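Visitor: This is the structure, below, for whatever I ask next.
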Amino acid sequence: MTSRRKFMTILGGGVILAAGGIGGWATSRDPAGARKPWETAKALDAGASGDLRIFALSHAILAPNPHNRQPWLADLSTPGEITLHFDTTRRLPETDPYDRQLTIGLGCFVELLTMAAAETGYRAEVRLFPEGEPQPLLNERPVAHIRLIADSTVERDPLFAQVFARHTNREAYDTARPVAAATLDPIAAAARTARIDHATGTEEVAALRALSWEAMEIELRTYRTMKESVDLMRIGKAEIEANPDGISLVGPLNEGLDLLGLMDRQAMLDPGSMVFTEGMKAQKVQFDTAMGFLWLTTPANSRADQIAAGRDYVRMHLAVTEAGLALQPFSQALQEYEEMAGKYADMRTALRISDNETLQMFVRLGYGPGIRPAPRWPLTTRIRSA
Ligand SMILES: Cc1cc2nc3c(=O)[nH]c(=O)nc-3n(C[C@H](O)[C@H](O)[C@H](O)COP(=O)(O)O)c2cc1C
């Protein structure tokens, strides 16, 4: 009963009390097993003998990707080659009805793979969609054939040094520390083909905070889009380690609330429930502490454009990390479903996106606290036929 009262206090906006025994329990709740792929990749030696595809893939699986679905499958049946496939069981049909964002995630994967190969003196020759671009949805046909070719002229990429420090940061950012526009110019230059633009002025940031929050409210209040997120929630160490993907709610607070039955998934879908209201409040902080925005556009919206957007997105995120800044995408207003159509148009207007361009990524920026790596499935589970 005592701990129940304590957790009720927390839910009401109070502080975390780690009294009598809770402290030890709390520190044991980290899903360390789900973070292991980060340690495994870090421990690999670029110069070691062995299959360098494993070195490249161990880094590629650390790529950012929507809802941490990790939609990649690597076929290694041809020596020296990787055939990248989309895992058709990992779609997001409500919020990503055309697999656009999942394709961006695959682009991030390709870029990290290419950078890791360069570390070992290999050039990755990437042939996208060798059997044609799948439309309107991705399918079983390959996303890419990737050949790794020894090349003494291949240049290592300085951004590779940030791979293990890059994390999507959903914490509150420091509202006393503005983001200088000058900091963002070299970040925009990290992109190879996409156009990256930014907003840091007080008025523009305020307007974009408001607009992106309105879009988030639509996603949260639309039953089917909210349900897609709720279904992908992994609450606490045991659930996260059993399924190291999706939306992880880590830590003793989430687990405590869950133990008390306060993280009821049905209640999370009910805008009249306490857990829904508290969840909204917690998410609003992310919008209220956005100190700047970056966005990335491509000239068209083919599958190749989406892959290119992903390749540039992860480069941008690595450059943001190098600059000591934190980043979190706000993808809601970019999503192609009926209820979002109004905000989709408003966002394009606010960002001055021309008619023939596609807005692929929109992120908030700021200075935030350090955070732990997100879960990943071990590489062995992402290899189709070795
Ligand atoms: C196309 C795309 C869209 C994303 N949209 C969001 C978003 O709207 N909100 C968010 O918090 N994170 C978003 N993310 C970040 C992913 O959730 C994140 O990359 C994933 O959980 C893995 O975590 P990591 O980036 O820390 O490794 C997005 C990532 C990608 C590639």
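Computed from the coordinates by the stated procedures, all read-outs in this text should not be read as laboratory data. Here the structure is a predicted model, which means the values were calculated and not measured. Note that each Cβ is placed from the backbone with ideal geometry, even for glycine, and that neighbours are counted across all protein chains shown.
Visitor: For region 75-126 and region 245-290, write down the distance between their C-alpha centroids in whole Å.
Guide: 32 Å
Visitor: 5 Å is the cut-off here: which amide hydrogens, built 1.01 Å from N in the peptide plane, fall below it relative to residue 233, excluding neighbours closer than 5 in sequence?
Guide: For residue 233, whose amide H was placed from the backbone, the distant partners under 5 Å are 247.
Visitor: Hey, can you grab everything whose amide H is under 5 Å from the amide H of residue 144? Only 5+ residues off in sequence or another chain; H modelled, so Pro and N-termini drop out.
Guide: Here 84, 129 satisfy the definition.
Visitor: Stretched out fully, how many nm does the piece from residue 133 to residue 221 gain, at 0.36 nm a residue minus the Cα gap?
Guide: 28.3 nm
Visitor: Short version: ³J(HN,Hα) in whole Hz for each residue of region 43-56, in order, from phi by Karplus 6.51 cos²θ - 1.76 cosθ + 1.60 (θ = phi - 60°), x for Gly and Pro, what are they?
Guide: Ordered by residue, 3J(HN,Hα) equals 7, 6, 10, 4, x, 5, 6, x, 6, 5, 4, 5, 4, 5 Hz.
Visitor: Rounded to the nearest 0.05, what FRET efficiency is calculated for residue 153 and residue 380 with R0 set to 45 Å and r the Cβ-Cβ distance?
Guide: Efficiency for this residue pair is about 0.85.
Visitor: Let me ask something else about it. Tell me, what ³J(HN,Hα) does each residue in region 345-359 have, in order and in whole Hz, if you take phi through Karplus 6.51 cos²θ - 1.76 cosθ + 1.60 with θ = phi - 60° and put x for Gly and Pro?
Guide: Those phi angles translate into 5, 4, 5, 4, 5, 4, 8, 6, 7, 6, 4, 8, 9, 10, 7 Hz.
Visitor: Just subtract the alpha-carbon distance of residue 40 and residue 168 from 0.36 nm times their residue separation and send over the number in nm, one decimal.
Guide: Separation in residues times 0.36 nm, less the Cα-Cα distance, equals 44.1 nm.
Visitor: Okay, next question. Using the Cα atoms as the points, what is the convex hull volume per residue of region 329-386 in Å³?
Guide: Details: hull volume 10.7 nm³, N = 58.
Here the figure is 185 Å³ per residue.
Visitor: Starting from 0.36 nm per residue, how many nanometres of slack lie between residue 259 and residue 338 once their C-alpha separation is accounted for?
Guide: Taking 0.36 nm per residue and subtracting the Cα distance, the gain is 24.8 nm.
Visitor: Diagonalise the Cα gyration tensor of the chain and give the resulting equivalent ellipsoid semi-axes, square root of 5 times each eigenvalue, largest first, whole Å.
Guide: Computed over the chain, the values are 33, 26, 21 Å.
Visitor: Another question about this same structure. Calculate one ³J(HN,Hα) per residue across region 249-259 by plugging θ = phi - 60° into the Karplus curve 6.51 cos²θ - 1.76 cosθ + 1.60, and present them in order as whole Hz with x for glycine and proline.
Guide: Coupling constants for region 249-259: 9, 9, x, x, 5, 4, 5, x, 4, 5, 4 Hz.
Visitor: For the chain, what is the calculated [θ] at 222 nm in deg cm²/dmol (nearest 500), taking -39500 (n - 2.57) for each run of four or more DSSP H residues and dividing by its residue count?
Guide: Mean residue ellipticity at 222 nm (helix-derived): -12000 deg cm²/dmol.
Visitor: Quick check on my link table: of 237/343; 42/227; 36/284; 36/281; 284/343; 36/227, which ones sit more than 24 Å apart, alpha carbon to alpha carbon?
Guide: 237/343; 42/227; 36/284; 36/281; 36/227
Visitor: Taking Cα atoms of region 152-250, Rg/Rh with Kirkwood Rh, to two decimals?
Guide: 1.05
Visitor: Rounding to the nearest 10 and keeping the result within 0 to 90°, find how far the Cα-based axis of helix 274-288 lies from the longest principal axis of the chain.
Guide: For helix 274-288, the angle is close to 60 degrees.
Visitor: A follow-up question, please. Once label points are set 7 Å from the Cα along Cα→Cβ at both residue 354 and residue 75, what is their separation, rounded to one decimal in nm?
Guide: 4.0 nm
Visitor: So if I take the centroid of the Cα atoms in region 201-239 and the same for region 302-377, what is the distance between those two points in Å?
Guide: If we compute the Cα centre of each part, the gap is 14 Å.
Visitor: Let me ask you something else. How long are the semi-axes of the ellipsoid equivalent to region 58-193, from square roots of 5 times the Cα gyration tensor eigenvalues, in whole Å, largest first?
Guide: Working: eigenvalues 151, 103, 32 Å².
Its equivalent ellipsoid spans semi-axes of 27, 23, 13 Å.
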